[in-house]
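A short worksheet on the structure shown next.
The values are calculated or read from the model by the stated rules, or taken from the named source; none is laboratory data. Quick caveat: nothing in here was measured; it's all calculated off a predicted structure. Note that each Cβ is placed from the backbone with ideal geometry, even for glycine, and that neighbours are counted across all protein chains shown. Heads up: the accessible areas ignore ligands, DNA and RNA and are worked out on the full protein's heavy atoms, side chains in. Shrake-Rupley method; radii C 1.70, N 1.55, O 1.52, S 1.80 Å.
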Amino acid sequence: MYRNIIFDLYGTLIDIRTDEFSLDFWRKAVQVYAMGGASFTPGELRTSYAKYVKRALRRERLKHPTYKHVDIDLLQVFRRLYADKGINADMTLLRKTARRFRRDSTTFIRLYDGVIELLDGLKEAGRRIYLLSNAQESFTIPEMEELGILPYFDGIMISSEERVSKPQRQFFEKLIERYALNKQECIMVGNDKNSDMLGAKGVDIDGLYIHQE
């Protein structure tokens, strides 16, 4: 019996569309940084952001040379961008920046039909619900709160916090170890055949593939 249901998030429970490439988005991002006292042009901000993301990923790969799939915390990238303009950003400012950055890049977000009913049904049946997501904690937790699904989860693991992402075996193992899960009682539910299904198979967990429309 599956007692532990491990969900992917985006593309599985949440339908989202984002755009971090258009010049219009970077014009908005400039305004976000201006509110924090940092002056950028759109081109300057976009170039510096990409540079610091690449540097952060390179550092994580050096720390974990055996990992093929790592992740970073974008709050540290946002901190570095402020520092370039002489501003020592505290966590309140960084989280505010992250929230505005995400909102301005999001063109569409909603729960897929039936998600609340599914989660309610699992809880009523006594199942425990976990999240294993390739995502940014500073984006994801506020979105889960706003969409009303955060309280359903008995455990949450997000790649930006762990610095590793699916399908890396160690990411799955961290979830299993942290919450003392029995693999035979777990099933991974997700929309990605590589990250979710092959990742689960790599640690001997069953998978349920979902193709959302």
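Could you list, ordered by first residue, the pairs with Cβ atoms under 9 Å in which the first is in the range 175-194 and without any contact (Cβ under 8 Å) to a residue 24 or more places away in the chain and the second is of a type in the set (D, E, K, R) and surrounded by fewer than 19 Cβ atoms within 10 Å (Cβ to Cβ), at least 6 apart or interchain?
Lys183/Asp204; Lys183/Asp206; Gln184/Asp204; Gln184/Asp206
If you check every pair at least six apart or on different chains, which have Cβ atoms under 6 Å apart with a residue in the range 195-213 that is touching a residue at least 24 places away in the same chain (Cβ under 8 Å) first and a residue that is surrounded by 14 or more Cβ atoms within 10 Å (Cβ to Cβ) and assigned to a strand (DSSP E or B) second?
Pairs found: Asp196/Met188; Asp196/Gly190; Ala200/Met188; Ala200/Gly207; Ile205/Cys186; Ile205/Met188; Asp206/Ile187.
Please verify whether the range 20-29 includes one or more residues that are under 19 Å from the mean Cα position of the chain (by Cα) and of a type outside the set (Asp, Glu).
yes
Please state which one of Ser39, Ser48 is hydroxyl-bearing (Ser, Thr, Tyr) and free of Cβ contacts under 8 Å to residues at least 40 places away in the same chain.
Details: Ser39 fails: free of Cβ contacts under 8 Å to residues at least 40 places away in the same chain.
After applying the criteria, what remains is Ser48.
In the range 15-43, which residues are open to solvent by 60 Å² or more (accessible area, probe 1.4 Å), within 19 Å of Leu75 (Cβ to Cβ) and modelled with pLDDT under 95?
Selection gives Met35 alone.
Please pick out the residue among Ile87, Ile72 that is surrounded by 13 or more Cβ atoms within 10 Å (Cβ to Cβ), touching a Ser or Thr at 6+ places or on another chain (Cβ under 7 Å) and assigned to a loop (DSSP other than H, G, I, E, B).
The unique qualifying residue is Ile72.
If you check Tyr33, Tyr10, which single one turns out to be out of contact with any helix residue (DSSP H, G or I) (no Cβ under 7 Å at 6 or more places or on another chain) and aromatic (Phe, Trp, Tyr)?
Only one candidate qualifies: Tyr10.
Go through the residues of the range 174-197 one by one and say whether even a single one is open to solvent by 10 Å² or more (accessible area, probe 1.4 Å), of a type in the set (Val, Ile, Thr) and closer than 21 Å to Arg17 by Cβ.
no
Within the range 86-123, can you find the residues that are in contact with a helix residue (DSSP H, G or I) (Cβ under 8 Å, 6 or more places away or on another chain), of a type outside the set (A, V, I, L, M) and closer than 20 Å to Leu45 by Cβ?
The answer is Asn88, Arg95, Thr97, Arg99, Arg100, Phe101, Arg102, Asp104, Ser105.
Using beta carbons and a limit of 6 Å, which pairs, at least six apart or on different chains, have the first residue in the range 2-15 and farther than 17 Å from Gln212 by Cβ and the second one of a type in the set (Phe, Trp, Tyr) and open to solvent by 20 Å² or more (accessible area, probe 1.4 Å)?
Final answer for the pair search is none.
Within the range 106-143, take every residue that is in a helix (DSSP H, G or I) and open to solvent by 40 Å² or more (accessible area, probe 1.4 Å) and give me the one that is farthest from Leu75 (Cα to Cα). Show your work before the answer.
Step one: list which residues in the range 106-143 are in a helix (DSSP H, G or I), which gives 115-124, 137-143.
From the residues that got through so far, the ones that are open to solvent by 40 Å² or more (accessible area, probe 1.4 Å) too are 116-118, 120, 123-124.
Values: Ile116: 30, Glu117: 34, Leu118: 33, Asp120: 33, Lys123: 33, Glu124: 37 Å.
Taking the candidates together, the pick is Glu124.
Can you tell me which residue is nearest to Asn134 (Cα to Cα) among those in the range 1-14 that are open to solvent by 20 Å² or more (accessible area, probe 1.4 Å) and among the aromatic types (Phe, Trp, Tyr)?
Result: Tyr10.
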